[in-house]
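Here is the structure we will look at, set down as structure tokens.
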Amino acid sequence: MLIEQALSHRFAGFFEALRATPLAAWAPVLERRTAQRLRPDRHGDLGTWVAALERLPALPAERVTLDRPCVGVARAQPLPAALRTQLQQALESLQPWRKGPFCLHGVELDAEWRSDWKWARLAGAIAPLGGRRVLDVGCGNGYYGFRALGAGADLVLGIDPTPRFVLQFLALNRLIGAERLAVLPLADDDLPDLCQAAAGGFDTLFSMGVLYHRRDPTQHLARLRDCLRPGGELVLETLVIDRPESFEQAPCKGAAANRERASGDRPGTPQTLIPAGRYARMRNVHAIPSVATLMDWIAAAGYREIRLVDLSRTTTQEQRATPWMRFQSLADFLDPRDPNLTVEGHPAPVRALLLAERAR
């Protein structure tokens, strides 16, 4: 079977659901771009990943769990050992798994990130997702999309330019069968013309771990704004230079109030770290702001009611190497003599979670 044929039909249920929404104008554009981005000549390993997808056993989804930390599916009776081995080997062929965890017919897929911890930080703070259309930018394999469906979202579109993550999603969804969710091989550069075709089509928009990879953060935030309806909610998680101990834990509204608690030699002064090379061995980290600076960026991009709801130091319990992600992870990116610093001498990772509304 041609690779294009092996993949195209796997998105059919989602596109049918999309056509029943105000985002119907997106469907033909998304279908065309998905086919273009998943051509074999665009990535040499695509054929290997599709073969792994085809090796997944066909298993009925008797009990699907999307509202628990370990997203997954199970049958009433455990899988026979041979079938379970076939399932595990097919999933292992798609390594590294960055986001999770997933529990799939007895196979416990322990990803690099405990993404359920991040979800727990935001779940009680965001607007209820019941009946909402959600866009997740830079979504990886779709973990947060599954959780959003579990929280009652009506439709979730995830976009990520990495083909491996798209194939991971297709493997997961072959088992789970969520037709109102898709992960498509797109980036935020694809959003401007799409949002012109269906302006304000989303109620909630996630940007988790993306902003510091963008050369122009305000442009990124503005692109996201244009995809939200007036009053729609931005859920933004990104690296910042502030330290958690310098902040009260209660949410605080408004940039001015957060500036009163900002860290640094001159409290209240917006600051930005611009790494000369890598940051925690990551490439393409262009800027890491203070919370005060970040809130100014968000306001300048057309949002209001900006509030910080969490500030957490990333630990080696939350991000680590596992049997499903055998490469280096956070422990290898920190100074072995001082875990408060990266190997390059920068402040160790701290992540802020902020919410904001699109201005009307």
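How many residues are polar (S, T, N, Q) and open to solvent by less than 50 Å² (accessible area, probe 1.4 Å) if we restrict to region 50-87? Step through it out loud before you land on a result.
Filtering region 50-87 for residues polar (S, T, N, Q) gives 65, 77, 85-86.
If we keep only those that are open to solvent by less than 50 Å² (accessible area, probe 1.4 Å) too, we end up with 65.
Of the residues in that region, 1 qualify.
Does region 130-139 include one or more residues that are among the β-branched types (Val, Ile, Thr) and surrounded by 21 or more Cβ atoms within 10 Å (Cβ to Cβ)?
The initial filter retains those residues of region 130-139 that are among the β-branched types (Val, Ile, Thr), namely 134, 137.
If we keep only those that are surrounded by 21 or more Cβ atoms within 10 Å (Cβ to Cβ) as well, we get 134, 137.
Yes, region 130-139 contains a residue that is among the β-branched types (Val, Ile, Thr) and surrounded by 21 or more Cβ atoms within 10 Å (Cβ to Cβ).
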* Structure fact -> Inside region 73-110, the number of residues satisfying the requirement of being more than 24 Å from residue 46 (Cβ to Cβ) and touching a Lys or Arg at 6+ places or on another chain (Cβ under 9 Å) is 9
* Asked: Identify, please: which residue in region 16-45 is part of a helix (DSSP H, G or I) and free of Cβ contacts under 8 Å to residues at least 24 places away in the same chain and is, among those, least open to solvent (accessible area, probe 1.4 Å)?
  -> 27
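Give the residue that is nearest to the chain's Cα centre (by Cα), with candidates limited to residues of region 88-102 that are under 19 Å from residue 183 (Cβ atoms) and open to solvent by 10 Å² or more (accessible area, probe 1.4 Å).
Of region 88-102, the ones under 19 Å from residue 183 (Cβ atoms) are 90-91, 93-102.
Checking the rest, the ones that are also open to solvent by 10 Å² or more (accessible area, probe 1.4 Å) come to 93, 95-96, 98-99, 101.
On the way: 93: 21, 95: 17, 96: 15, 98: 10, 99: 8, 101: 14 Å.
Only one residue tops the list, namely 99.
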* Looking at region 338-353, is at least one residue open to solvent by 50 Å² or more (accessible area, probe 1.4 Å) and under 22 Å from the mean Cα position of the chain (by Cα)? -> no
* To do: May I ask you to verify whether residue 178 is among the small types (Gly, Ala, Ser) and under 23 Å from residue 226 (Cβ atoms)?
  => no
* **Residues satisfying the stated conditions in region 180-192, i.e. out of contact with any strand residue (DSSP E or B) (no Cβ under 7 Å at 6 or more places or on another chain) and either at pLDDT 95 or above or crowded, with 24+ Cβ neighbours inside 10 Å (or both)** => 185
* To do: Go through region 292-307 and give me each residue that's open to solvent by 10 Å² or more (accessible area, probe 1.4 Å) and either closer than 17 Å to residue 119 by Cα or touching a Gly at 6+ places or on another chain (Cβ under 9 Å) (or both).
  => 305, 306, 307
* From (1) more than 24 Å from residue 167 (Cβ to Cβ); (2) of a type in the set (S, T, N, Q); (3) at pLDDT 95 or above, pick out the condition that doesn't hold for residue 93. => (1)
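The values are calculated or read from the model by the stated rules, or taken from the named source; none is laboratory data. Everything numeric in this text was worked out from a predicted model, so none of it was measured. No Cβ is skipped: glycine too gets one built from the backbone with ideal geometry, and neighbour counts run over all protein chains shown. Surface accessibility is based on the protein's heavy atoms, side chains included, excluding ligands, DNA and RNA. Shrake-Rupley method; radii C 1.70, N 1.55, O 1.52, S 1.80 Å.
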